[in-house]
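What follows is one structure encoded as structure tokens, with my remarks underneath.
The values are calculated or read from the model by the stated rules, or taken from the named source; none is laboratory data. This one's a predicted model, so the numbers in the text were calculated from it and none came from an experiment. Note that each Cβ is placed from the backbone with ideal geometry, even for glycine, and that neighbours are counted across all protein chains shown. Only protein heavy atoms, including side chains, enter the accessible area calculation; ligands, DNA and RNA are left aside. Shrake-Rupley method; radii C 1.70, N 1.55, O 1.52, S 1.80 Å.
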Number of protein chains: 2
Amino acid sequence: MTDRPDIPRSRRERPAKPALSREGIVAAAVAVLRAEGLPKVTMRRLAQELDTGPASLYVYVRNTAELHAAVLDELLGTIGPVPAEGTWRERLERVLTAYTAMLFEHPSLARSALTARPSGPHYLTLIETLLTLLDEGGVPPAQAAWGVDMLLQQATATAAEHSADEATQEDWDTLTRALHEVSDQTHPHLAALADTLLSGAPPVRQSWGFQALITGIERTAVPD
Amino acid sequence: MTDRPDIPRSRRERPAKPALSREGIVAAAVAVLRAEGLPKVTMRRLAQELDTGPASLYVYVRNTAELHAAVLDELLGTIGPVPAEGTWRERLERVLTAYTAMLFEHPSLARSALTARPSGPHYLTLIETLLTLLDEGGVPPAQAAWGVDMLLQQATATAAEHSADEATQEDWDTLTRALHEVSDQTHPHLAALADTLLSGAPPVRQSWGFQALITGIERTAVPD
DNA sequence: ACCTGAACACCGTTCAAGT
DNA sequence: ACCTGAACACCGTTCAAGT
């Protein structure tokens, strides 16, 4: 058992600590996200993972929000292209559904995407795809541009809401109860529509929402 | 200077500590929100404000998210009725704009509203108002019910996004730069529409968004 | 039942000091 | 320039013990 005095012991014990880099940090963040969810993707936790102190990460990442945005862009890259069959409307809905499905798996990421808009390469490509499809459908460019924003916002907000944690379930129960207890004297429409307000499986409502939005975007001119 | 031994000194030093109650906690939370914003509305801070320990609050409030939802419902009560003039569309937009304006003053509240749906009395009344206006416009009830959800979601998401803190501004700058650097070879639509994507003052875009959404809701039938 | 002190198990971010 | 230890200033929530 020979010691090699030219390399300190600590350097040989583990697979060699890789140099820090933005990519490395984001990759570690994605790994932690996949394994334990976004709430665990913290500066401190990542520092631990990368065998350093939290302060070191601030050389590469401005803050936690920016880190989360980078993680989202990374995941956006996993969506992949959707089949080219069908009408532009069908393909548009398919892209949006793929986007939403990805966010449904990481609702907390959807939550953070609403605040810290991503601006990475995969996000830009997604926008390009949506613009292309709207153009194919003959939607005037200005309407398409503003519309893309709404479509992504709706998809993101829906995913953020449907985070299926316990707390959210309780919220929903509370709302259900409140809706059914409402007086038809003071809230006639609410009383009449209580069940409809809560009806529809998420995919069905989501699909209806996309169709309604697309129709509205198609038919509403942008002011000069 | 006579001591009154039947009342402990500590009880006389301050205006008399009021008994804890859900209403008292929510009222204190609203006060802190108004003075310092939602991030300061924490269990610990409220406990301090109410001269007790954080653990005591858990008798009346399930957790921080529920507290924030209660605060939102309270603020919803301050919106007040909107003038009855104009078409149903105009009045609908006015209600939604009032809702959004309130949330714009408390963007962090909008953020939390996307996750923890409120179910308080003021929220129910807001839904009733929206349903009434859609009914007046002849929108079929089922479409109105699902549509209300989308309208509120859009309003809330927009407010959440436009939180004007520093970080958000930086995000926006980053996105602007990214959009203008994009290659028109790989992203032709994006390159052509970069300016349009970013154009429009928030109130103008918001208004366009509501109109597009209302039109879509009007014209899209709910599946059986 | 209601209330509490204390503890557990964490956070983000900054800064002075080192290499 | 890059990296770091240590510190600052906080969090939410639970639990055993008290009234």
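Quick notes
- Every pair of residues 6+ apart whose Cβ atoms lie under 7 Å, when the first sits in the range A:45-64 and is on the phi > 0 side of the Ramachandran plot while the second is more than 8 Å from DNA strand C (Cβ to nearest atom) and open to solvent by 60 Å² or more (accessible area, probe 1.4 Å): A:Asp51/A:Lys17
- Of all residues in the range B:48-66 being more than 12 Å from chain A (Cβ to nearest Cβ) and among the hydrophobic types (A, V, I, L, M, F, W, C), the one that is farthest from DNA strand D (Cβ to nearest atom): B:Leu50
- Top-ranked residue of the range B:40-55 - restricted to ones that are surrounded by fewer than 16 Cβ atoms within 10 Å (Cβ to Cβ) and within 11 Å of DNA strand C (Cβ to nearest atom), ranked as nearest to A:Arg111 (Cα to Cα): B:Arg44
- Selection count where residues are hydrophobic (A, V, I, L, M, F, W, C), touching a helix residue (DSSP H, G or I) at 6+ places or on another chain (Cβ under 8 Å) and more than 15 Å from A:Thr132 (Cα to Cα), scope the range A:59-94: 10
- The residues in the range A:56-95 that are open to solvent by 80 Å² or more (accessible area, probe 1.4 Å) and within 9 Å of DNA strand C (Cβ to nearest atom) can be counted, and the count is 2.
- Scanning the range B:108-131 for residues that are of a type outside the set (S, T, N, Q) and open to solvent by 30 Å² or more (accessible area, probe 1.4 Å) yields a total of 4.
- Subset of the range B:70-91 [over 20 Å from B:Ser207 (Cβ atoms) and outside any helix (DSSP H, G or I)]: B:Gly77, B:Thr78, B:Gly80, B:Pro81
- Within the range B:198-224, tally of residues that are open to solvent by less than 50 Å² (accessible area, probe 1.4 Å) and more than 25 Å from the chain's Cα centre (by Cα): 2
- So B:Pro5, is it modelled with pLDDT under 95 and within 13 Å of DNA strand D (Cβ to nearest atom): no
- Residue in the range A:114-127 that is modelled with the lowest pLDDT, counting only those that are assigned to a helix (DSSP H, G or I) and in contact with a Leu (Cβ under 7 Å, 6 or more places away or on another chain): A:Leu114
- Unmet criterion (only one of (1) within 16 Å of DNA strand D (Cβ to nearest atom); (2) more than 16 Å from A:Thr158 (Cβ to Cβ)) for A:Ala116: (1)
- Index of the failed condition, B:Met150 passing every other in (1) open to solvent by 10 Å² or more (accessible area, probe 1.4 Å); (2) without any contact (Cβ under 8 Å) to a residue 40 or more places away in the chain; (3) under 22 Å from A:Ala110 (Cβ atoms): (2)
- The condition of being in a helix (DSSP H, G or I) and within 7 Å of chain B (Cβ to nearest Cβ) holds for only one of A:Arg94, A:Arg111, that being A:Arg111.
- Subset tally (residues that are at pLDDT below 85 and surrounded by 12 or more Cβ atoms within 10 Å (Cβ to Cβ)) for the range B:166-197: 6
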